[in-house]
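Read-outs throughout are calculated quantities, based only on the coordinates presented, and are distinct from any laboratory measurement. Since the model is a prediction, treat every value here as computed from it, not as a measurement. Methodologically, a virtual Cβ is constructed for each residue, glycine included, from the backbone with ideal geometry; neighbour enumeration extends over all protein chains shown.
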Amino acid sequence: MQVIGVHLDFPLLRLSFISKRGKESRLLGTLAISLETNDDRNQKTTPQEAIKNFFKGFSGKIASGLLLKDFFLRSIPISKLSSKHIEETIRFQSEATSHFKPEEILSVPFFSVNAPQALLYTVLRERLKTHLLDLASLQIDPDSLSTISNALVHFILWKFPSLQEAFIIDLGSNEISCVFLEKGKLKKSHAVSGGVLSLLQALLEDRKKILLKKEIESAAKQVDLLLLKPILTPNLASLLKATRLTIEQLFYSCTRGVPVPVIFTGFSDTFLHLREYLMDFSLEHPLSIEEQHFAVATGLAIEQTSKEPLQLRKEEFFPKKNWVRMGIYSLILCSLSLFLSTGLMIWGQKKKKLLTQEIYYARPETRDKQIDTWIAAIEENSKEFPYILQAPRATVFLDWLSKHPLLQELKAEQDPIDIRSIRYLLESYPKTNAPKEPFLAKVELEFNFQNALNARRFHDALQAGDKKIDTSREISWEVDHDCYRTSFYLNNERPHVP
């Protein structure tokens with residue numbers, strides 16, 4: 001398997017070529033390309049030509065990632081539901097808490113079935129579209145789209161497989177990414193605006209009388225931050241102090257004071273002792289300058305070789321070339337299915353004919369009597385089994401609640417229901433000593449509305465009843481100073497085996 005990771009960090013584009021055979025992933029090559037047309041360091045070829053040469057003969061996957069400022073990440077606790085119900089539960093919670101319009105955002109959950117929490121990635125569709133258009137201008141169409149935070153976690157785990165906890169600081173051109181790794185998984189991520197370009201701009205402001213803009217990068221490499229004098233460089237000193245304070249606050253917010261290794265990636269060589277100035281870092285996990293520069297690009301490629309890579313290219317952003325590839329696979333699968341089904345149909349018809357003949361000639365004098373005996377046995381045992389679940393499941397109730405017409409109407413009126421707690425319990429059910437005990441499901445709901453009239457409307461809707469609410473039983477109602485409480489019973493469903 002071959003993957004190229006693409007890290008778009010204007011004014012630079014960094015590429016990493018990863019090849020995986022078996023369980024081993026190897027870095028085969030890297031390339032950094034300046035996208036500034038007036039950059040004296042530009043190659044003799046254009047960025048598009050340099051990219052084309054790097055991709056020449058390549059037929060594997062292409063992976064890119066969004067900056068931390070372009071998406072919102074939060075963790076959502078999930079109970080031990082089956083995998084087919086987890087996404088529905090997460091979608092219900094995300095729509096209830098997001099202040100964006102559903103058509104403006106794309107929410108992608110990332111979870112493991114046995115995990116206690118799920119990560120919800122929310123990105124504005126316009127931001128995602130802009131990122132893809134920027135890559136398209138460079139003639140790059142990624143197969144997969146992940147995030148910088150995921151890339152950093154996969155890169156660190158690739159370099160240090162035994163590492164379980166770490167605080168990763170990536171010094172990018174336009175933002176500083178802080179990522180917290182806990183128990184070998186991504187836990188939190190935060191972006192610090194500015195990046196090393198802001199630091200260089202601050203140095204240029206301090207020394208604009210003696211330095212040209214194109215000289216600022218080489219001059220910065222000679223500035224020792226441990227010996228920095230704020231009187232001589234007030235702008236740089238002020239920005240560095242604010243950046244360090246923000247990083248320290250994020251560090252203690254993530255770790256809660258527990259000591260964890262701190263690892264720097266990105267442009268840590270912009271100034272002398274930049275890492276030492278910002279935070280004490282781990283000397284036990286060394287990275288070369290080149291590894292730091294290409295950490296994100298390499299991590300994006302490494303992630304695609306894992307079992308569960310993140311994919312943000314969904315719905316209208318799904319790659320067109322993947323549709324073509326899936327169409328070819330589907331055509332092959334349909335052809336094989338048609339051939340197999342035709343063969344099975346012919347074989348089944350022949351088998352049916354033989355069985356019909358055997359039944360006809362086997363004991364013809366008792367055939368009708370045996371059929372009557374079988375029918376009587378079926379009718380005798382066609383009783384409802386008391387232990388087959390008849391009460392609606394909790395997930396069915398949550399689906400009903402999320403699609404309730406009144407709640408949808410109030411949500412459109414900018415007064416969605418604010419659910420504080422939901423308690424679902426079976427008050428009675430068949431037992432071995434009481435097999436005729438009925439299924440009786442009760443729901444206790446604590447919620448609030450901005451408008452008290454809407455709470456009354458919801459209460460009236462519950463009392464009116466529908467196919468889910470059992471109006472023949474008590475529907476309680478209690479008003480507190482900041483919320484409403486109600487309880488009601490659910491109608492049983494037709495007996496079924498879940």
Report task. Can you tell me the order of 66-72, 162-168 when each peptide is scored by its average per-residue count of other Cβ atoms within 10 angstrom, highest first? Result -> 66-72, 162-168
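About the Cα centre, and with charges only on the beta carbon of Lys, Arg (+1) and Asp, Glu (-1), how big is the dipole of the chain? Nearest 20 debye, please.
Details: 64 positive and 60 negative charges, 298 e Å.
The dipole of the chain has a size of about 1440 debye.
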Report task. Set Lys and Arg Cβ to +1 and Asp and Glu Cβ to -1, take the dipole of the chain about its Cα centre, and tell me which of I140, I469, L425 lies farthest positive. Result -> I140
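Starting from the alpha-carbon convex hull of the range 196-278, give the projected area averaged over all orientations, in nm².
Values: hull surface 22.7 nm².
The directionally averaged projection comes out at 5.7 nm².
How fast does the chain diffuse by Stokes-Einstein, in µm²/s, taking the Kirkwood radius from C-alpha pairs at 20 °C and 1.002 mPa s?
On the way: Rh = 28.2 Å.
The diffusion coefficient I find is 76 µm²/s.
What does the extension gain come out to for Y329 and L212, with contour length at 0.36 nm per residue minus their alpha carbon separation? Let's see the in-between values first.
Details: separation 117, 0.36 × 117 = 42.12 nm, distance 5.72 nm.
Difference between extended and current length: 36.4 nm.
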Report summary line: Note: probe point = Cα of R256 + 7 Å toward Cβ; backbone nitrogen < 15 Å; residues of the range 163-194 passing the test are 181-183, 187-188
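For each of D480, D470, D9, count neighbouring Cβ atoms within 10 Å of the residue's Cβ, then give the residues from fewest to most.
Values: D480 9, D470 16, D9 23.
In increasing order of surrounding Cβ atoms, one gets D480, D470, D9.
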Report summary line: What the 5 Å binned alpha carbon P(r) of the range 394-490 shows, as percent of pairs per bin from 0, is 3, 11, 22, 25, 18, 10, 5, 3, 2, 1, 0
